[in-house]
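The values are calculated or read from the model by the stated rules, or taken from the named source; none is laboratory data. In this text, all values refer to a predicted model and were calculated from it rather than measured experimentally. Glycine gets a Cβ as well: all are built from the backbone with ideal geometry, and neighbour counts include every protein chain shown. For accessibility, only protein heavy atoms count, side chains too; no ligands or nucleic acids. Shrake-Rupley method; radii C 1.70, N 1.55, O 1.52, S 1.80 Å.
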Amino acid sequence: MWTHRHLLGVESLSAADIDAVLDRAETWHALCRRTEKKSTVLKGRTIINVFFEASTRTRTSFEAAGKRLGADVVNVSSSGSSVTKGETLLDTAKNLEAMRADALVVRHASSGAIDFLASRIRASIINAGDGAHEHPTQALLDAFTIRRSKGRLEGLVVAICGDIAHSRVARSNAILLGRKGAMVRLTAPRTMLPAHAETLGPTVRVMPRFEDAVRDADVVMMLRIQNERLAGAMMSTTREYSRTYGLGPVALAKAKPDAIVMHPGPINRGVELDPHVADGNKSVILDQVEAGVAVRMAVLDLLLTGGNHTPSDALSSRP
């Protein structure tokens, strides 16, 4: 039974909560593959996407998710908001809530900004990424993609490589996958590893050598080098990074033969990921993008209805 009013991070979700999202996403995934991709589950509800950071995949998939569930969806970007005139984040959110929004989907550059809003706003708040803190729907869609590919999460070895210290994706994935019984290996240059990374979960291990982390892995998840956060201080050159921590065919051969390759996007081709791997038959990167809409539909559905309906009703109409 779903009891959450907000989705602020993976840390607040139990293993049963995670399963509830992934299971419900299966129905919406099937709907998204039909010609008629519409449901009326959220008819009459209003969802406002408030993005203070640039985004393509996350904002677009939240917009598609809300519309496919029948909600009215409004998009607000930082450049088009009163924040540029000096309005505070809280005042912006309160004004949007005064328009009777049922949910605010918020992305912000400051860690903790979403939690701050949730304690002061009546509408449901969904964290679409806050600083280096969390990105819960990305971790949920990654788990959904892995489960569809591998049939399970429990017992898998997942290597996450890249700028771990600044990555909200790495943090959320390490917590979620560990909670579902996967073994998580974090690997990066020492300057990109956070202190005490093992505290993210009992199944999390730090492996500084890239080859050791990838060896016999079921899943290899590469992270984008975040030039906008690094300020050029944590690696010598992108060429050197690519040589030692980039995933090419030779490095991928050390993983299990049926390993899958993931990336949250956008990809720096030729830096963290060789184009032949990104576009190869082991890549599920576009599957992740597709899964994003279904998982975000599931999140919106559960938060705004409590799951008090049968989602299979959405598939009863002719495709």
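Listed values, structure above:
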| quantity | calculated |
| --- | --- |
| Matching residues, the stretch 284-301, being in contact (Cβ under 8 Å) with a residue 24 or more places away in the chain, in a helix (DSSP H, G or I) and open to solvent by 10 Å² or more (accessible area, probe 1.4 Å) | Ile285, Asp287, Val289, Glu290, Val293 |
| Of all residues in the stretch 190-204 being at pLDDT 85 or above and either in a loop (DSSP other than H, G, I, E, B) or on the phi > 0 side of the Ramachandran plot (or both), the one that is surrounded by the fewest Cβ atoms within 10 Å (Cβ to Cβ) | Pro202 |
| Some residue of the stretch 85-101 being closer than 24 Å to Ala170 by Cα and crowded, with 19+ Cβ neighbours inside 10 Å | no |
| Criterion: in contact with a Pro (Cβ under 7 Å, 6 or more places away or on another chain), in contact (Cβ under 8 Å) with a residue 40 or more places away in the chain and of a type in the set (D, E, K, R) - qualifying residue of Arg5, Arg34 | Arg34 |
| Given (1) open to solvent by 50 Å² or more (accessible area, probe 1.4 Å); (2) part of a loop (DSSP other than H, G, I, E, B); (3) of a type outside the set (Phe, Trp, Tyr), number of the condition Pro208 does not satisfy | (1) |
| Residues being under 23 Å from Glu240 (Cα atoms) and either within 20 Å of the chain's Cα centre (by Cα) or touching a residue at least 40 places away in the same chain (Cβ under 8 Å) (or both) - total across the stretch 208-222 | 8 |
| Close pairs from the stretch 96-115: first outside any helix (DSSP H, G or I) and basic (Lys, Arg), partner open to solvent by 20 Å² or more (accessible area, probe 1.4 Å) and modelled with pLDDT under 95, Cβ under 8 Å, at least 6 apart | Arg107/Phe52; Arg107/Glu53; Arg107/Ser55 |
| Qualifying residues in the stretch 130-141 (those that are closer than 22 Å to Leu153 by Cβ and of a type outside the set (A, V, I, L, M)) - the one farthest from the chain's Cα centre (by Cα) | Glu134 |
| Tally of residues being surrounded by fewer than 13 Cβ atoms within 10 Å (Cβ to Cβ) and hydrophobic (A, V, I, L, M, F, W, C) across the stretch 16-53 | 1 |
| Residue that is surrounded by the most Cβ atoms within 10 Å (Cβ to Cβ), among those in the stretch 254-266 that are at pLDDT 95 or above and part of a loop (DSSP other than H, G, I, E, B) | Pro264 |
| Failed criterion for Gly70 (all others in (1) open to solvent by less than 60 Å² (accessible area, probe 1.4 Å); (2) outside any loop (DSSP other than H, G, I, E, B) hold) | (2) |
| Enumeration of residues in the stretch 243-253 that are surrounded by 15 or more Cβ atoms within 10 Å (Cβ to Cβ) and not in a strand (DSSP E or B) | Tyr245, Gly246, Gly248, Ala251, Leu252 |
| Among residues of the stretch 155-183, those that are over 15 Å from the mean Cα position of the chain (by Cα) and either among the polar types (S, T, N, Q) or part of a helix (DSSP H, G or I) (or both), counted | 3 |
| Flag for Val21 being over 22 Å from Ala143 (Cβ atoms) and in contact (Cβ under 8 Å) with a residue 24 or more places away in the chain | no |
| Test result for Ser119, out of contact with any strand residue (DSSP E or B) (no Cβ under 6 Å at 6 or more places or on another chain), surrounded by fewer than 16 Cβ atoms within 10 Å (Cβ to Cβ) and of a type outside the set (D, E, K, R) | yes |
